[in-house]
Amino acid sequence: MDKKQESAKANNLVYCFVFLNRVDEMPRFFLVPSEVVAEYLTKEHAYWLAQPHKKKVKSTNIRAFRISLDATSHGLPAALYENKWELLDL
């Protein structure tokens, strides 16, 4: 994602992230309100910048957004946002 999404917040803006499975399986859909995405991107980028790195890093416009598909991975919990189609009933 991009730095612009850190400030893109609106009640009627919902992101739909799609996890593509194998060809014979249905994709998984994660609907996340823009406010949640913006907050996550801001905090995650600040956290990344504060971590020790082998080489000096500088802030760029690139942002990482992750949804945890299991309890051991880093990111927003998938269960909170998977198939949350009701978010589109604005």
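The values are calculated or read from the model by the stated rules, or taken from the named source; none is laboratory data. Since the structure is predicted, the reported quantities are computational estimates derived from the model, not experimental observations. Note that each Cβ is placed from the backbone with ideal geometry, even for glycine, and that neighbours are counted across all protein chains shown.
Remarks
Conditions tested, residue by residue: (1) modelled with pLDDT of 95 or more; (2) out of contact with any strand residue (DSSP E or B) (no Cβ under 6 Å at 6 or more places or on another chain); (3) not basic (Lys, Arg).
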residue: Ser34; (1), (2), (3): yes, yes, yes
residue: Glu44; (1), (2), (3): no, yes, yes
residue: Ala50; (1), (2), (3): no, yes, yes
residue: Lys56; (1), (2), (3): no, yes, no
residue: Phe65; (1), (2), (3): no, yes, yes
residue: Ser73; (1), (2), (3): no, yes, yes
residue: Leu76; (1), (2), (3): no, no, yes
residue: Leu88; (1), (2), (3): no, yes, yes
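- Tyr81 being of a type in the set (Ser, Thr, Tyr) and in contact (Cβ under 8 Å) with a residue 40 or more places away in the chain: yes
- Of all residues making up the range 4-50, the number that are under 18 Å from Gly75 (Cα atoms) and surrounded by 15 or more Cβ atoms within 10 Å (Cβ to Cβ): 19
- Among residues of the range 40-64 that are under 16 Å from Asp2 (Cβ atoms) and free of Cβ contacts under 8 Å to residues at least 40 places away in the same chain, those with a Cβ under 7 angstrom from a residue that is part of a strand (DSSP E or B) and aliphatic (A, V, I, L, M), sequence gap 6+ or separate chain, pair up as Tyr40/Leu76.
- Residue in the range 2-21 that is in contact with a strand residue (DSSP E or B) (Cβ under 6 Å, 6 or more places away or on another chain), free of Cβ contacts under 8 Å to residues at least 24 places away in the same chain and not hydrophobic (A, V, I, L, M, F, W, C) present: yes
- Some residue of the range 13-22 being farther than 21 Å from Glu86 by Cα and β-branched (Val, Ile, Thr): no
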